[in-house]
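**Student:** Before anything else, here's the structure in question.
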Amino acid sequence: MRPSNSRKQSFDVLVIGGGSAGVVAAIQSSRSGARTLLVEKSARLGGTTVNAGINRPGLFHAWGRQIIRGIGWELVTRTIKESGGSLPQFQAGGAHFCNQICVDPMTYAHLCDQLVLDAECELRLHTMVASIREDAQGWEVQLCGKEGLVPVRCRQVIDCTGDANVAVLAGYEVCFPEATQPATLSCQLSGYIFEEIDVDAVNRAFRDAVQRGEVMATDGCWWTDKIDVSGFLKRYGANGNHVVAGGDARDSVGRTAFEVEGRRAVFRMVQFLRRQPGFENLRVDAVSPEVGVRETVTIRGRTTVSIEDYRSGRVWEDAVCYSFYPVDLHGVDTKSWYLVPLESGTVGTVPRGSMLPEGSRNFQVAGRCFSSDRYANSAMRVQVSCMAMGQAAGAMAALAASRNCDPEELPMAAVWDLLEANDAIVPERAPFSSLAVV
């Protein structure tokens, strides 16, 4: 099936952003019978997983039990099957990364296309939102494509941009942190054997190069006060640096600064390594098209999830999904880094109200910019949690469009019924203690 060239410009649901949240939201909405349009600014779907090279999307399991399933699980497990990969042995304890699933980006991006189109969702790549205006019938939106401005109408909007770009255009308030976490530009190196490298010698040379101003400490590691390139080298460049640039990564000017600085960082690191013994045949096989941005803004929602809510495992009365990951606030030095796992048996939940901007109607936000404080957000922003939020948003948008109401007016029972019918796990109906041990 080919992407639609239909001239029809009226939709029940418009999903903006084709990353972890947006792809799943669009599939769920369309499978639920809503006429759905998914727009994405880049050339392919998949978001951070494919465009930023962060292809370990997070945690479907917590403490040996599966807590997130549904469309995100379907997409990831199909990717594993089609690419010949394997699932980890999900452990009840141990480091969180032991339970990460590694997906093949090419296969994942292809399956994102396939599942979206199989659901009969209309898809437009290379497209952004230029303007949005609410009226009595819903939303009038100007899309900006390669052909120019394209007007569309829709009844429900789901902002899955990760940066609340459309929420801001619609006039809703966002919250800016005092500082934001550094980004990462992931790359893939080859031409050396890590086990044969004298890492101590490379570290000494790297620290000297930092002193001379030839490289920045964060070009080859995550900290400025604990300079150690072993992690970068062992992962062959994957998710191994920190990119620090002035500006705000949620807008084009700030994002440009991050992208340029990210490529500079990779170039500096490669040039340094090529001067070191053992790297004579160093090759750069790939550099991700985009930096991986961890944090920009959050919406001011009708409900805000605090770190206390997350740490306590609070099950909100309007919870739409679980979320599980260590509190993981990246900093440029060890003093500003905060990595703390949840207590054994504790799992967080996402309330519907955190996805609804204050004062909004017929508008949802799904993904990392949902309403939460910095510490809670640092854990709940990961891709798997965004998938679960996206599925909930897609279900609520489809129901709200069919019933001509705001998502907040939907009975939670109706939302939960639709999610369960699509294999999602609902916290209220599936308490953590009742979930099967894998």
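**Student:** Just for the range 170-188: of the residues that are open to solvent by less than 20 Å² (accessible area, probe 1.4 Å) and among the polar types (S, T, N, Q), which one is modelled with the lowest pLDDT?
**Tutor:** GLN181
**Student:** Select from the range 399-413 the residues that are open to solvent by less than 30 Å² (accessible area, probe 1.4 Å) and either part of a loop (DSSP other than H, G, I, E, B) or at pLDDT below 95 (or both) and list them in ascending order.
**Tutor:** Step one: of the range 399-413, the residues open to solvent by less than 30 Å² (accessible area, probe 1.4 Å) are 399-401, 405-407, 410, 412.
Hits for the range 399-413 are CYS405, ASP406, LEU410.
**Student:** So is VAL297 in contact with a Cys (Cβ under 8 Å, 6 or more places away or on another chain), at negative phi, open to solvent by 60 Å² or more (accessible area, probe 1.4 Å) and not hydroxyl-bearing (Ser, Thr, Tyr) or not?
**Tutor:** For VAL297, the condition - in contact with a Cys (Cβ under 8 Å, 6 or more places away or on another chain), at negative phi, open to solvent by 60 Å² or more (accessible area, probe 1.4 Å) and not hydroxyl-bearing (Ser, Thr, Tyr) - is not met.
**Student:** Mind listing whichever residues of the range 133-160 are polar (S, T, N, Q) and open to solvent by 40 Å² or more (accessible area, probe 1.4 Å)?
**Tutor:** Listed by number, the residues that qualify are GLN137, GLN142.
**Student:** Hey, among SER360, SER385, SER354, which residue is part of a helix (DSSP H, G or I), in contact (Cβ under 8 Å) with a residue 60 or more places away in the chain and among the polar types (S, T, N, Q)? Walk me through it before giving the result.
**Tutor:** Details: SER360 fails: part of a helix (DSSP H, G or I); SER354 fails: in contact (Cβ under 8 Å) with a residue 60 or more places away in the chain.
The conditions single out SER385.
**Student:** Here's a follow-up. Name the pairs whose Cβ atoms lie under 6 Å apart, with the first residue in the range 157-168 and small (Gly, Ala, Ser), the second open to solvent by 10 Å² or more (accessible area, probe 1.4 Å), and 6 or more positions between them or separate chains?
**Tutor:** Partner pairs satisfying both residue conditions: GLY162/ARG368; ALA164/VAL174.
**Student:** Right, something else. Check GLN181, GLN156 and return the single one that is under 30 Å from ALA130 (Cα atoms), in contact with a His (Cβ under 8 Å, 6 or more places away or on another chain) and polar (S, T, N, Q).
**Tutor:** Details: GLN156 fails: in contact with a His (Cβ under 8 Å, 6 or more places away or on another chain).
Answer to the selection: GLN181.
**Student:** Can you tell me how many residues in the range 388-420 are without any contact (Cβ under 8 Å) to a residue 60 or more places away in the chain and either of a type in the set (Lys, Arg) or within 24 Å of THR49 (Cα to Cα) (or both)?
**Tutor:** 1
**Student:** If you don't mind, there's one more thing I want to ask. Every residue in the range 306-336 that is part of a loop (DSSP other than H, G, I, E, B), more than 20 Å from GLN181 (Cβ to Cβ) and either out of contact with any strand residue (DSSP E or B) (no Cβ under 8 Å at 6 or more places or on another chain) or open to solvent by 40 Å² or more (accessible area, probe 1.4 Å) (or both), please.
**Tutor:** Result: ARG314, VAL315, GLU317.
To keep it simple, each residue is scored yes or no on (1) modelled with pLDDT of 95 or more; (2) surrounded by fewer than 18 Cβ atoms within 10 Å (Cβ to Cβ).
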site	(1), (2)
TYR338	no, yes
LEU342	yes, no
VAL347	yes, no
GLU358	yes, yes
CYS369	yes, no
ARG374	yes, no
ALA379	yes, no
VAL382	yes, no
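**Student:** Same structure, new question: Name every residue in the range 414-438 that is part of a helix (DSSP H, G or I) and either open to solvent by less than 10 Å² (accessible area, probe 1.4 Å) or farther than 21 Å from VAL13 by Cα (or both), in order of residue number.
**Tutor:** Across the range 414-438, the qualifying residues are VAL415, LEU419, PHE432, SER433, SER434.
**Student:** Looking at the structure I just gave you, is ASP159 at pLDDT 95 or above, among the acidic types (Asp, Glu), under 16 Å from VAL15 (Cβ atoms) and in contact with a helix residue (DSSP H, G or I) (Cβ under 7 Å, 6 or more places away or on another chain)?
**Tutor:** yes
**Student:** Let me ask another. What are the residues in the range 24-53 that are among the β-branched types (Val, Ile, Thr) and closer than 12 Å to GLU290 by Cα, if any?
**Tutor:** Passing the criteria: THR48, THR49, VAL50.
**Student:** Would you pick out the residues in the range 189-212 that are open to solvent by less than 80 Å² (accessible area, probe 1.4 Å) and either touching a residue at least 40 places away in the same chain (Cβ under 8 Å) or in a strand (DSSP E or B) (or both)?
**Tutor:** Answer for the range 189-212, where residues must be open to solvent by less than 80 Å² (accessible area, probe 1.4 Å) and either touching a residue at least 40 places away in the same chain (Cβ under 8 Å) or in a strand (DSSP E or B) (or both): LEU189, SER190, GLY191, TYR192, PHE194, ILE197, ALA201, VAL202, ALA205, PHE206, ALA209.
**Student:** Here is a follow-up. Looking only at the range 213-231, filter to residues that are hydrophobic (A, V, I, L, M, F, W, C) and within 15 Å of HIS330 (Cβ to Cβ); which one of those is surrounded by the fewest Cβ atoms within 10 Å (Cβ to Cβ)?
**Tutor:** Going through the qualifying residues, I end up with TRP223.
**Student:** Residue check, CYS98 against (1) part of a loop (DSSP other than H, G, I, E, B); (2) surrounded by fewer than 24 Cβ atoms within 10 Å (Cβ to Cβ); (3) without any contact (Cβ under 8 Å) to a residue 60 or more places away in the chain, all met but one. Which one?
**Tutor:** Going through (1) part of a loop (DSSP other than H, G, I, E, B); (2) surrounded by fewer than 24 Cβ atoms within 10 Å (Cβ to Cβ); (3) without any contact (Cβ under 8 Å) to a residue 60 or more places away in the chain one by one, CYS98 breaks only (1).
**Student:** State all residues of the range 240-293 that are surrounded by 20 or more Cβ atoms within 10 Å (Cβ to Cβ) and assigned to a strand (DSSP E or B); if no residue qualifies, say none.
**Tutor:** Scanning the range 240-293 gives VAL243, GLY292.
**Student:** Based on this model, can you work out whether THR107 counts as hydroxyl-bearing (Ser, Thr, Tyr), over 20 Å from VAL15 (Cα atoms) and open to solvent by less than 20 Å² (accessible area, probe 1.4 Å)?
**Tutor:** Details: hydroxyl-bearing (Ser, Thr, Tyr): yes; over 20 Å from VAL15 (Cα atoms): yes; open to solvent by less than 20 Å² (accessible area, probe 1.4 Å): yes.
Yes: the conditions hold for THR107.
**Student:** Can you pull out every residue in the range 54-67 that is open to solvent by 10 Å² or more (accessible area, probe 1.4 Å) and over 12 Å from PHE90 (Cα atoms)?
**Tutor:** Result: ILE54, ASN55, ARG56.
The values are calculated or read from the model by the stated rules, or taken from the named source; none is laboratory data. None of the values given here were measured: they were computed from a predicted structure. We place every Cβ from the backbone using ideal geometry, glycine too, and count neighbours over all the protein chains shown. SASA here: full protein model, heavy atoms, side chains in, ligands and nucleic acids out. Shrake-Rupley method; radii C 1.70, N 1.55, O 1.52, S 1.80 Å.
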